[in-house]
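Here the structure comes first, spelled out in structure tokens, and everything after it is commentary.
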Amino acid sequence: MIKQYKSPVERLRKPISALVAASLIAAALFTVPAGFQSNFSELLEYLGFSFLIIAGLGRVWCLIYIAGRKDHELCQEGPYSLCRNPLYLFSFIGVLGICLALQSLLLTVIMACIFNAYYTYVIRSEEARLSLLFGQEYLDYRRSTPRLMPAFSGYRQGQPNIRISTPALERGLREVFWFFAAIVMIDAIELIHEHGSLIAITLPF
């Protein structure tokens, strides 16, 4: 199998994600939504925390199947039988979770648009590379499995024993950590706004 190098879109994924995350933190610190801490906003916060937990656990589930196998063999079991990009799906759920936990529907809409706009290009770039790596096997997988929206009817359980790369798993778990750390950070930001420690702009929603 010939090694296929990642495109610039793929290589820049993590730096761009870090930049967007920093921008989101700044927005969380210096803005508050209208109706902050109302009953409806509190409901959004709890919903967001639930999304973050789902995102973190979902990414761990994906790592069990993909850690150490990526670009070496085509994973089509477990979460990868539901859709072709379950890691990105759970990342998207996590992004929505952060914005909802910040009680801001406006930030939720903005971040959803940014995520979809950029990751559409990332996924297309990956698809082109995987087509070259795995040939007809990937084309068959692509035809039978949706890109992002899971199809639960196609679920296939993995083998009882899967070899996992410890370094790859550890790298993935470090990324998962930030979804759970976000819960603590959001609570801290909420306390900052409660005490009026920073001057914040009120968003329309």
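The values are calculated or read from the model by the stated rules, or taken from the named source; none is laboratory data. All of these numbers come straight from a predicted model, not from anything done at the bench. Every residue, glycine among them, receives a Cβ derived from its backbone with ideal geometry; neighbour counts consider all protein chains shown. Accessible surface areas use protein heavy atoms only, side chains included; no ligands, DNA or RNA. Shrake-Rupley method; radii C 1.70, N 1.55, O 1.52, S 1.80 Å.
Quick notes on this structure:
- Residue within region 135-157 that is more than 17 Å from Pro79 (Cα to Cα), in a helix (DSSP H, G or I), open to solvent by less than 40 Å² (accessible area, probe 1.4 Å) and not basic (Lys, Arg) present: no
- Any hit, region 196-204, residues being of a type outside the set (Val, Ile, Thr) and either touching a Lys or Arg at 6+ places or on another chain (Cβ under 8 Å) or in a helix (DSSP H, G or I) (or both): no
- Verdict on Arg84 being open to solvent by 60 Å² or more (accessible area, probe 1.4 Å), out of contact with any strand residue (DSSP E or B) (no Cβ under 8 Å at 6 or more places or on another chain) and among the basic types (Lys, Arg): no
- Where a residue in region 61-81 is touching a residue at least 60 places away in the same chain (Cβ under 8 Å) and its partner, wherever it lies, is assigned to a helix (DSSP H, G or I) and of a type in the set (S, T, N, Q), with Cβ under 9 Å and at least six apart: Ala67/Thr166; Gly68/Thr166; Gln76/Ser144
- Scanning region 182-190 turns up no residue that is at pLDDT 90 or above and in contact with a Ser or Thr (Cβ under 9 Å, 6 or more places away or on another chain).
- Against the test of being in contact with a strand residue (DSSP E or B) (Cβ under 7 Å, 6 or more places away or on another chain) and either of a type in the set (Asp, Glu) or part of a helix (DSSP H, G or I) (or both), the options Leu106, Leu89 yield a single qualifying residue, Leu106.
- Which listed residue, of Phe90, Phe51, Phe40, is touching a Gly at 6+ places or on another chain (Cβ under 7 Å), under 30 Å from His195 (Cα atoms) and open to solvent by 20 Å² or more (accessible area, probe 1.4 Å): Phe51
- Condition broken by Leu191, with the remaining ones in (1) open to solvent by 80 Å² or more (accessible area, probe 1.4 Å); (2) touching a helix residue (DSSP H, G or I) at 6+ places or on another chain (Cβ under 9 Å); (3) part of a helix (DSSP H, G or I) satisfied: (2)
- Tally, over region 28-75, of residues that are among the aliphatic types (A, V, I, L, M) and in a loop (DSSP other than H, G, I, E, B): 3
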